[in-house]
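Worksheet: one structure, shown below.
The values are calculated or read from the model by the stated rules, or taken from the named source; none is laboratory data. On a predicted model such as this, the values are computed, not experimentally measured, just so you know. No Cβ is skipped: glycine too gets one built from the backbone with ideal geometry, and neighbour counts run over all protein chains shown.
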Amino acid sequence: MSSASSESTGRRPPADVRVVLDTNVYVSAILFDGLPELPLKLARMRKLSLVTSEAIVAELIGVLTSKLGRNSQQLQDVDKELRRLGSVVATRSRLNVIREDDADNRVLECAVDGQVDLIVTGDRHLAALGSFAGIRIISPKAFAEALGLG
């Protein structure tokens, strides 16, 4: 990690930067500290705006239940925190850009309908796009590096 802070580099994200996190970033942030948690920390400090959708929340809750065995209280806490930290947009778009993993299309739909600036993901299918509809798609590492923190 760079010793320069985002304040000293002048690259602190403005609160009006709107960001969608892919489910894998949320899972990594919940399980581990580090780069995937950075967007959540910035959202808690109101340094950026998180945008999500019911589909992303449902996928996250599903993963936490089926693959990680989280209990109902933990699931309620995660659901509540996501809704507190950001806005849940109603998606109207129905995209079929990524055929290998249809859930990735829900992330794109949220990004388009939520009019976001960035998608942060660790997913190879989304990352391969590089951008979509003018929305940059970057990894948690690239997100941190853009702030001078990676």
Meets criteria (under 13 Å from the mean Cα position of the chain (by Cα), surrounded by fewer than 19 Cβ atoms within 10 Å (Cβ to Cβ) and either among the acidic types (Asp, Glu) or not in a helix (DSSP H, G or I) (or both)) for Gly69: no
Which condition does Thr121 not pass, out of (1) under 24 Å from Lys41 (Cα atoms); (2) hydroxyl-bearing (Ser, Thr, Tyr); (3) without any contact (Cβ under 8 Å) to a residue 60 or more places away in the chain, if it passes all the others? (3)
For the range 113-122, indicate whether the set of residues that are assigned to a helix (DSSP H, G or I) and either more than 12 Å from the chain's Cα centre (by Cα) or farther than 16 Å from Val25 by Cβ (or both) is non-empty. yes
Need the failing condition index for Asp104 against (1) within 14 Å of Asn24 (Cα to Cα); (2) of a type in the set (Asp, Glu); (3) not in a helix (DSSP H, G or I), just the number. (3)
Checked the range 123-150 for anything surrounded by 15 or more Cβ atoms within 10 Å (Cβ to Cβ) and either part of a loop (DSSP other than H, G, I, E, B) or among the aromatic types (Phe, Trp, Tyr) (or both); matches are Asp123, Phe132, Ser139, Phe143, Leu147, Gly148, Leu149, Gly150
Out of Val25, Val78, sole residue that is of a type in the set (A, V, I, L, M), over 20 Å from Ile137 (Cβ atoms), modelled with pLDDT of 90 or more and outside any strand (DSSP E or B): Val78
Checking Leu38, Leu75 in turn, the sole residue that is closer than 14 Å to Val19 by Cα and surrounded by 14 or more Cβ atoms within 10 Å (Cβ to Cβ) turns out to be Leu38
The range 94-110, subset farther than 19 Å from Glu37 by Cα and under 15 Å from the mean Cα position of the chain (by Cα), residue modelled with the lowest pLDDT: Ala103
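Conditions (1) more than 22 Å from Ser139 (Cα to Cα); (2) buried (at least 18 other Cβ atoms within 10 Å of the Cβ); (3) of a type in the set (Gly, Ala, Ser), marked per residue:
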{"site": "Ala55", "(1), (2), (3)": "no, no, yes"}
{"site": "Thr65", "(1), (2), (3)": "yes, no, no"}
{"site": "Glu100", "(1), (2), (3)": "no, no, no"}
{"site": "Asn105", "(1), (2), (3)": "no, yes, no"}
